[in-house]
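Before any comments, here is the structure.
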Amino acid sequence: MSLSRLQISRVRNLRQVQLQGLGQVNVFYGPNGSGKTSILEAVHLLGMARSFRGSSARSLITHGTADCVVFGQVSSPAYPSPVPMGIQRDTTGDAQIKVGGTQLRSVAELVEHLPVQVINADSFDLLTGAPGARRRYLDWGVFHVEHRFLEQWQRFQRCIKQRNKLLRHGKMRATELDVWTRDLAVSGAALGEYRKAYFEQLAPRFVQIISRLAPALEGLELRYQQGWDRSLDYASALENAVEVDIEQGYTHTGPQRADIKVMIKGRLAAETLSRGQQKLVVCALKLAQGQLMSDQGKARCVYLVDDLPSELDEAHGARVCELLASMQAQVFITCIEQADIERLWPDSGGAQMAMFHVEQGSVEAVIPGSVIPREGTPGEAAEPHVLANGRQLAAVAVPPAKYTNSSSIEK
Ligand SMILES: Nc1ncnc2c1ncn2[C@@H]1O[C@H](COP(=O)(O)OP(=O)(O)OP(=O)(O)O)[C@@H](O)[C@H]1O
Ligand SMILES: [Mg+2]
């Protein structure tokens, strides 16, 4: 999967930005507050219908306007021609999503069209945060490789909600509880199986990738905890726990308690590793998922990497870039200085890298390795819209358009 074209309207300080001829590696550099992360957010919005900053749609929309729109063109070896995708979100929280001209009814339908992976400062949560973040990580991966997963996941969520509602009320007929317990046992067991099968393929890839990213870090491994006693099937575990569930008023055993433990030589990595080492582990976790997807012939995911150089020394930063480059995934990457990534990326300045300067919500394409074009300074970077490979690249920063309600995602 890769985006060849992107049009961003009213996302944070990006009033109108059009990016055409995007490359495999797209670097956005510029000063603090210029709009770099907002570009990544716009891509995430297109793929997942929400920001990765966990903030509401309202905070994503440019202040004083009523909606934001992101439109993109997605290419894939599986598609005969690029597919247009668009999303519009308004301040009430409503979303309109279109792919290939068809309106989608759910976000689940959207996410398979543009799988996106984020590596940013919040990604540390994956290692150091609560198990929920690791379950979401795991489920993201299972969803993309196992098409039956979503149905079981939704069924499980429905069942556990109903069962907990009954348990909370305290007064229930045993037969009523039995019905939900039986259904929960079936969907929970299926969920556990899908996760386990996925994990078994993920774990060796993680080990292989982290050994390339951080060869000095020996003894790292992933352990999967399914959320109930390993020696029991889920139905038996639920049966054994029913008294405690009734007493405590909720279902306390099952896939809703699953976790992935990252261990180093038998200790929790989160409690042992330095900040930079943690970042490398997080990168390895995210890269392993992308690797697994492409090994299985699924879509290649698009990586959104915010401020890669922070926390990493040059050698480790370069290894992350090398791996990203070898996966041939499309990458959107931000940094403060143009040279930050040029230094790290293998064969930097090559045909695959598109470089963009971001300033006060405007984006301009520059030739990798060239001097930043300054307004009214003839001679410097004479053709900022032509890449080193001679390809025309138009990154047009349109002056803030007056907001009208007529904007739509009809493309
Ligand atoms: N809803 C909004 N409407 C308008 N501007 C906003 C909105 N939300 C945030 N901003 C502003 O948008 C600008 C761009 O933010 P962004 O996080 O993309 O910057 P950045 O280039 O990633 O900066 P840094 O290098 O500090 O990470 C900031 O100045 C921010 O204050
Ligand atoms: Mg930022």
Cα-Cα pairs in the stretch 133-205 separated by more than 20 Å, as a whole percent of all pairs, come to 38 percent
Once both label points are put 7 Å beyond Cα along the C-beta direction, the residue 176-residue 296 separation in nm becomes 3.9 nm
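Please sort 18-27, 272-281 by packing, taking for each peptide the average over its residues of neighbouring beta carbons within 10 angstrom, highest first. Present the calculation step by step, with values, prior to reporting the outcome.
Working: 18-27: 21.0, 272-281: 18.7.
Ranked from most to least packed, the peptides come out as 18-27, 272-281.
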Filtered hits (lysines, Cα-Cα < 17 Å from residue 171, offset >= 8 within chain) -> 161
Surrounding charge for residue 161, neighbours by C-beta under 13 angstrom, Lys/Arg +1, Asp/Glu -1, total +4
The helix 131-145 Cα axis meets the longest alpha-carbon principal axis of the chain at an angle in degrees, between 0 and 90 and rounded to 10, of 80 degrees
Subtracting the Cα-Cα distance of residue 130 and residue 265 from 0.36 nm times their residue separation yields 46.5 nm
Helix 234-248: inclination vs the chain longest Cα principal axis, degrees, rounded to 10, gives 80 degrees
Full extension between residue 310 and residue 94 adds, at 0.36 nm per residue less the Cα distance, a length in nm of 74.2 nm
One finds the C-alpha centres of the stretch 12-63 and the stretch 196-252 to be spaced, in Å, by 35 Å
Those trypsin sites (Lys or Arg not before Pro) from the stretch 80-120 that are DSSP loop and have at most 10 other Cβ neighbours within 10 Å turn out to be 105
Helix 275-295 sits off the longest principal axis of the Cα atoms of the chain, rounded to the nearest 10 on a 0 to 90 degree scale, by 80 degrees
For the table 36/98; 261/298; 98/165, the rows whose alpha-carbon distance is greater than 28 Å are 98/165
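Given a Förster radius of 35 Å and the C-beta distance between residue 207 and residue 65 as r, what FRET efficiency does 1/(1 + (r/R0)^6) yield to the nearest 0.05? Don't jump to the answer; show the numbers that get you there.
Values: r = 47 Å, r/R0 = 1.35.
Calculated transfer efficiency: 0.15.
I want the antiparallel fraction of DSSP beta bridges within the chain, as a percent rounded to 5.
Working: 46 of 63 bridges.
Counting only bridges with both partners in the chain, antiparallel ones make up about 75 percent.
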Partner aspartates and glutamates whose C-alpha sits under 13 Å from that of residue 196, ignoring same-chain residues fewer than 8 away, are 139, 146, 259
Quarter of the surface of the C-alpha convex hull for the chain, i.e. direction-averaged projected area in nm², equals 22.2 nm²
With a ≥ b ≥ c from the Cα gyration tensor eigenvalues, square-rooted, and the rule rounded for a/c under 1.5, otherwise prolate when a/b > b/c and oblate otherwise, the stretch 6-133 is rounded
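In what sequence, highest mean first, do 78-86, 191-199 appear when ranked by Cβ atoms within 10 angstrom?
Numbers: 78-86: 14.6, 191-199: 19.4.
Descending packing order for the listed peptides: 191-199, 78-86.
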Residue 318 and residue 246 label points (each 7 Å along its Cα→Cβ direction) are spaced in nm at 6.6 nm
As straight-line cross-link partners of residue 279, the qualifying aspartates and glutamates (C-alpha separation under 15 Å, not fewer than 8 residues apart within one chain) are 122, 125, 271, 306, 307, 311, 313, 314
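Just so you know, all these numbers are worked out from the coordinates, no wet-lab data involved. Since we're looking at a predicted model, the values are computed, not measured. Cβ coordinates were reconstructed from backbone atoms using ideal geometry, including for glycine residues, and neighbour counts include every protein chain displayed.
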